[in-house]
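Structure, as structure tokens:
Throughout, read-outs are computed from the coordinates displayed, never taken from laboratory work. Model, not experiment: these values are computed from the prediction. Every residue, glycine among them, receives a Cβ derived from its backbone with ideal geometry; neighbour counts consider all protein chains shown.
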Amino acid sequence: MLNKIWAALIITSILFALIRDIMDEINNPYQNGIPQNIPYTVLKHDTQQLVLGFLTHQPDDKDLIDINAIIETDSRIKLYIDSNSPQWLQLLASVHGNGSNFTATLIEQNAEHMHILFPELHWVKLRAITEAAFDMAEFAAKLALGLIGLMALWLGLMRIAEQSGIIQSMVKIVQPLLRWLFPGIPKDHPAFASISMNMAANVLGLGNAATPLGIKAMQQLQQLNNKSDTASDEMCMFLALNTSSVQLLPPVTLIALMGTQISDLIIPIILATTCSTITAIIVVRLYQKGRLRCNN
Amino acid sequence: MQQLSTLIIPLLILFIVSVGLRRHIPVYEEFVEGAKEGFSIAVTIIPYLVAMLFAIAMFRASGALEFFMHALSPVANWLGFPPEVIPMGLIRPLTGSGSVGVLAELIQTHGTDSLIVKTAAVMFGSTETTLYVLAVYFGAINIRKTRYALQAGLIADFSGFIAAITITYWYFS
């Protein structure tokens, strides 16, 4: 299933990008090869500095956006682009220049308008998805390495808790509740403690603590697993409970986005997550009993 | 409730360290011993996270999401919920930052007190970025064959969305 979804994500994105680019080739939205009439005002005559006025390309917006430009030799005009410039100019600058400027051909000019031929834009979407893939690969590594500190902190604290017997006493308290969900974990195993701490962190919306504690629980489940590259029933149950967890307190990002409105949403979120947690338990149980099948 | 979540971590750390001290555990030494593993776990996760996130990033950049949104909006209308919340349902299991973006955009156009934003926010709060959690949790212990974990997670997400939409409508009307 994971293999298929993963491949489907990649194949659909490339197909979609390809179709969009082929439609762009037909409809020519970037006006490739068609000179544009752009109004301008001169800033400095001696250095040929001027300001071009571009349409913002937003519906019902008749205002012009100013773009700084310099006329270079032989009818070449250099445009300076920043993050407020229209999208297609930013694209041109990243494809045909160094991201902040590019050169276009000046065909002719009169007192108010310039006739400019811009460089051509092709395969915009394919370029965009390639860039997204490279950027995200870099970001994923950073994200994983960013976990080092938090992982170390929680693993260190958990080690003290193990050595001082806190974990063992916690297991005694939570295992009557959790044994029903995780019948494969032997009695008095420390995994019960990590699982319950991860669940508590999830319920209270403490994402920073939940991930390291969840990984700790997964490691302990892996020690009980007899096929080291395949997920055990307990792991699947744990993952499903994690992604569908009851939320007594909403995640911090949601609080930040919703402001004071958040207090109205707490009860609906508790009810909805209760539904998803129950569904998760039922679905995992159905898979475990073979009522639902998966092919690996 | 809000105070509880800010207090719980410092209190937990205090509890662990003081119990350790009382039972004559060399707390500093044991902490370092446990913390050692942090680096290797993070490094183990990298290939899994790269595989998952680059595929999702390509999917988002391709514009396929908008297409599915348009394709699904008649279904949403027929079921009687606003099609504006579909992108949240599609993107939430894939990426956290993407779904924050969707919610922020909805807030900008509709305001936080509209039913659309409330529904989307409950959807956001009720589910997790399942694919990310799967990559991190299974990546940390080098599990490649995930069996039915993804299916179960996605079915739970889907039920969370349906529950979020129904409950928000029932709760605010």
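For this structure, a couple of remarks:
- Base-10 log of normalised Debye intensity for the range B:116-155 (one unit scatterer per alpha-carbon) at q = 0.22 Å⁻¹: -0.72
- Listed values for the range B:120-129 are Karplus-derived 3J(HN,Hα) couplings in whole Hz (6.51 cos²θ - 1.76 cosθ + 1.60, θ = phi - 60°), namely 4, 5, 5, 4, 4, x, 8, 9, 10, 7, and x replaces Gly and Pro.
- Nitroxide proxy distance, nm - points 7 Å out along Cα→Cβ at A:Cys294 and A:Asn226: 2.0 nm
- Couplings 3J(HN,Hα) of the range B:47-59, computed from phi: x, 5, 5, 4, 4, 6, 6, 5, 5, 5, 5, 4, 4 Hz, in residue order, whole Hz [Karplus 6.51 cos²θ - 1.76 cosθ + 1.60, θ = phi - 60°; x for Gly and Pro].
- Förster radius 51 Å - calculated FRET efficiency between A:Gln219 and A:Ser83, Cβ distance, rounded to 0.05: 0.70
- Links that overshoot a 26 Å alpha carbon limit, given the list A:Lys187/A:Lys227; A:Lys4/B:Lys118; A:Lys44/A:Lys78; A:Lys172/A:Lys289; A:Lys227/A:Lys289; A:Lys142/A:Lys227: A:Lys4/B:Lys118; A:Lys172/A:Lys289; A:Lys142/A:Lys227
- From phi via Karplus (6.51, -1.76, 1.60), per-residue ³J(HN,Hα) for the range A:24-36 in Hz, x at Gly/Pro: 5, 4, 6, 7, 6, x, 8, 6, 4, x, 10, x, 10
- Relative contact order of chain A: 12 percent, from C-alpha pairs under 8 Å at least 6 residues apart in sequence.
- With neighbour counts taken as other beta-carbon atoms within 10 Å, the residues A:Arg293, A:Arg179 rank, fewest first, as A:Arg293, A:Arg179.
- Relative to the longest principal axis of the Cα atoms of chain A, helix A:207-224 runs at roughly 50 degrees.
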